[in-house]
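Report on one structure; see the data block that follows.
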Amino acid sequence: MDKIRILNLKLMGRHGVYGFEKEHVKQFEVDIEMFKYLSVAGKSDNLEDTVDYNDVVTLVADIFSAKNYDLLEAVGESICNNLLSTYPIEKVVVRVRKPHAPIQAEFDTVEVELVRTC
């Protein structure tokens, strides 16, 4: 199956379990993979035959800023559910990264990955 990817979308948010995480806006990173057969769009060269990734970015940014989630899993679940109910896609993979997670260790990032189908 074909897919459309939006990689390393940078979004600002106040997500976290601890109160101090909600006090200051921090940058998060999101990857989105939407699975859809793209042969019709490939032949027609018409935006209406595919998923407009500009609209997807706007939707994801709105979800991300609508509320302060405690868990990356929760914001990721909301993104998955909204994408599946809004666009004609078969499956979605969403990764949400928090490079500034309050962990007392050296690391690059913390990431959750959710895979959902309709």
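Here is how the numbers come out for the structure above:
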{"item": "Long-range Cα-Cα pairs in the chain (distance over 22 Å), rounded percent", "result": "35 percent"}
{"item": "C-alpha center-to-center spacing [segment 91-112, segment 16-74] in angstrom", "result": "16 Å"}
{"item": "Relative contact order computed over the chain (Cα-Cα under 8 Å; 6+ residues apart), in percent", "result": "27 percent"}
{"item": "Heavy-atom surface of the chain, accessible at 1.4 Å and reported per residue (Å²)", "result": "59 Å²"}
{"item": "Set of lysines with alpha-carbon distance to LYS10 below 19 Å, sequence-local pairs under 8 removed", "result": "LYS22, LYS26, LYS67, LYS98"}
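The values are calculated or read from the model by the stated rules, or taken from the named source; none is laboratory data. The structure presented is a predicted model; accordingly, all values stated were derived computationally and were not measured. Calculation scope for accessible area: heavy atoms of the full protein, side chains included, ligands and nucleic acids excluded. Shrake-Rupley method; radii C 1.70, N 1.55, O 1.52, S 1.80 Å.
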